[in-house]
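First the structure, in the form of structure tokens, and then the observations on it.
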Amino acid sequence: MIKKKFDASIHRKMFWSDEIPNKKICPECNSKLENEYHTYVILIKNKNDVIPLIAGHDGGYFCPKCPIIVLDREIVSELALATNPPSTSFGFTSVGIVDLNAIPPEKAHLPIDCDDNPIPLVEFIRESSKDNSNKKDRGKRRNSGRKHRKRK
Ligand SMILES: [Zn+2]
């Protein structure tokens, strides 16, 4: 049993750190967000491929009062880049958190996501769908007001 302060089994509304004014403050109740290491499922979209990535990172900030999670886009972006997507025009989205405690003890030795041990994924709730933006100039993106035209 992995003891976490923030229960992974709760469905949380997710925001990227750059969608809210202050990534340390809950966008709904203004509480101070708390950082905790969790395991997430990230989808990397590269042309026609979608590659799922299960990765632990400490880019998640949780609200102690409401079901809100803020993900640090830079950290997730770096994880996605670390998978070496074959083209630079990839996108990524963070679909949910993995509830490791939902894996029965007798299956704990199995690799996650094999046939006998499906991922206990708790999906995030998203209000908007601004998930796809990732450009190589991440970090500088904030300063340019230019919109990227969507391909048909
Ligand atoms: Zn809150």
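All of the numbers you see were taken from the coordinates with simple rules; none came from a lab. Keep in mind that what you see is a predicted model, and the values were worked out from it rather than measured. Positions of Cβ are generated from backbone atoms using ideal geometry, with glycine treated the same way; all protein chains shown enter the neighbour counts.
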How much of the DSSP bridge set in region 13-127 is antiparallel, in percent, rounded to the nearest 5?
85
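Residue separation times 0.36 nm, minus the C-alpha to C-alpha distance between residue 47 and residue 127: what's the value? Mind dumping the intermediate values first?
On the way: separation 80, 0.36 × 80 = 28.80 nm, distance 2.46 nm.
That works out to 26.3 nm of additional length.
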Karplus ³J(HN,Hα) for region 7-18 (6.51 cos²θ - 1.76 cosθ + 1.60, θ = phi - 60°; Hz, whole; x = Gly/Pro) runs 5, 5, 7, 7, 6, 10, 7, 10, 10, 7, 4, 8
Using amide H atoms built in the peptide plane, which far-off residues or other-chain residues are under 5 Å from residue 124 H to H?
96, 97
Radius of gyration and Dmax for region 1-112's Cα atoms, expressed in Å?
14.9, 44
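Report the local net charge at residue 97: Lys and Arg +1, Asp and Glu -1, summed over other residues whose C-beta lies under 9 Å from its C-beta. Working shown, then result.
Details: positive: 12; negative: 99, 123.
Net charge in that neighbourhood comes out at -1.
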Through the Karplus equation 6.51 cos²θ - 1.76 cosθ + 1.60, θ set to phi - 60°, convert the phi angles of region 118-126 into ³J(HN,Hα) values in whole Hz; use x for Gly and Pro.
x, 5, x, 8, 10, 6, 7, 9, 10
For region 50-56, 3J(HN,Hα) per residue [Karplus equation, 6.51 cos²θ - 1.76 cosθ + 1.60, θ = phi - 60°, Hz, x = Gly/Pro]:
10, 10, x, 10, 9, 8, x
Which cross-chain or sequence-distant (5 or more) residues have an amide H under 5 Å from the amide H of residue 31, H modelled 1.01 Å from N in plane?
26
